[in-house]
Amino acid sequence: MREKSAINERDRESTEQKLLETIGLIIDECGFEKIGVNLVASRSNVSKILIYRYFGSIEGLMAAYIRQHDFWINFPLDIPEGDDISAFVKAMFKGQIEQLRTNPTLRRLYRWELSVHNDMIVRIREQREAIGTNLVKLVSRSSNLPESQIAAIATILSASITYLVMLEEFCPTYNGIDIQTDSGWEELLKGIDSMIDSVFNSK
């Protein structure tokens, strides 16, 4: 009986992953206009009954995709001590940029998320907030800087990165920086590094 239950659980995981991959492909190819339970069921070769059973709705499936790929929700809470903290924070924001710039589906879902307010989206935001506040506490403890200062800098940087990455598809430049090219983002990274150095080296 236990073996049968394990097989069923593996089947469910496999089906959920297939649905998540399918929703990503459809959004990447067609945007949101054609999204519907029938199309997802047809493209994934999965019964639409299972979509409702596993995710509750198409919106639940899209929220699950965000949760699976979201940079902050999946960020490991493993903070270095001492002199490595500045390099760690720089790498953290560089990772956020790289992930968002290489995942157009996630960018589209972030735009969708901004226009939606339901229980699923609220839970995603709560998960991000929990990770974010924990990161702030850990970085504050490691750097001996006030939590309020770390929280302010982290908020400004993470929100700016998200906004600029979502904007780059529609706007070629921002304050004279070409946000549609790698070289433009390298300039932004230099600015981010400078800000981080000024915070952590000011003690």
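Every listed requirement among (1) open to solvent by 20 Å² or more (accessible area, probe 1.4 Å); (2) under 12 Å from the mean Cα position of the chain (by Cα); (3) free of Cβ contacts under 8 Å to residues at least 60 places away in the same chain; (4) over 26 Å from GLU187 (Cα atoms) is met by ARG67 save one, (3). All of LYS94, LYS48, LYS137 fail the test of being open to solvent by 30 Å² or more (accessible area, probe 1.4 Å) and under 18 Å from the mean Cα position of the chain (by Cα), apart from LYS94.
Before we move on, is SER115 of a type in the set (Ser, Thr, Tyr) and closer than 17 Å to ILE196 by Cβ? For SER115, the condition - of a type in the set (Ser, Thr, Tyr) and closer than 17 Å to ILE196 by Cβ - is not met. Please verify whether the stretch 95-115 includes one or more residues that are charged (D, E, K, R), in contact with a helix residue (DSSP H, G or I) (Cβ under 8 Å, 6 or more places away or on another chain), in a loop (DSSP other than H, G, I, E, B) and free of Cβ contacts under 8 Å to residues at least 60 places away in the same chain. No; the residues of the stretch 95-115 include none that is charged (D, E, K, R), in contact with a helix residue (DSSP H, G or I) (Cβ under 8 Å, 6 or more places away or on another chain), in a loop (DSSP other than H, G, I, E, B) and free of Cβ contacts under 8 Å to residues at least 60 places away in the same chain. Applying the criterion of being outside any helix (DSSP H, G or I) and in contact (Cβ under 8 Å) with a residue 12 or more places away in the chain to the residues of the stretch 116-129, the residue that is farthest from the chain's Cα centre (by Cα) is ASN118. Under the condition of being surrounded by fewer than 13 Cβ atoms within 10 Å (Cβ to Cβ) and at pLDDT below 85, the residues counted in the stretch 1-30 number 12. Residue count for the stretch 164-198, restricted to those that are surrounded by 12 or more Cβ atoms within 10 Å (Cβ to Cβ), of a type in the set (S, T, N, Q) and closer than 21 Å to ALA154 by Cβ: 0.
Of the residues making up the stretch 147-163, those that are open to solvent by less than 70 Å² (accessible area, probe 1.4 Å) and out of contact with any Leu (no Cβ under 8 Å at 6 or more places or on another chain) are GLN149, ILE150, ALA151, ALA152, ILE153, LEU157, SER158, ALA159, SER160. List the pairs whose first member sits in the stretch 11-22 and is without any contact (Cβ under 8 Å) to a residue 40 or more places away in the chain, whose second member is open to solvent by less than 70 Å² (accessible area, probe 1.4 Å) and assigned to a helix (DSSP H, G or I), and whose Cβ atoms are under 8 Å apart, counting only residues at least 6 apart or on separate chains? Matching pairs, first to second residue: THR15/LEU50; THR15/TYR54; LYS18/SER44; GLU21/SER44; THR22/VAL40; THR22/SER44. Counting only residues that are in contact (Cβ under 8 Å) with a residue 12 or more places away in the chain, buried (at least 17 other Cβ atoms within 10 Å of the Cβ) and assigned to a helix (DSSP H, G or I), the stretch 31-45 holds 2 of them. Tell me, which residue of the stretch 103-132 that is within 15 Å of GLU59 (Cβ to Cβ) and of a type in the set (Lys, Arg) is most open to solvent (accessible area, probe 1.4 Å)? Filtering first and then ranking leaves ARG123.
The values are calculated or read from the model by the stated rules, or taken from the named source; none is laboratory data. Every value quoted in this text rests on a predicted model; they were computed, and no experiment measured them. For neighbour counting, all protein chains shown are included, and Cβ atoms are generated from backbone atoms with ideal geometry for every residue, glycine included. To get the accessible areas, we keep the full protein, side chains included, count just its heavy atoms, and leave off ligands, DNA and RNA. Shrake-Rupley method; radii C 1.70, N 1.55, O 1.52, S 1.80 Å.
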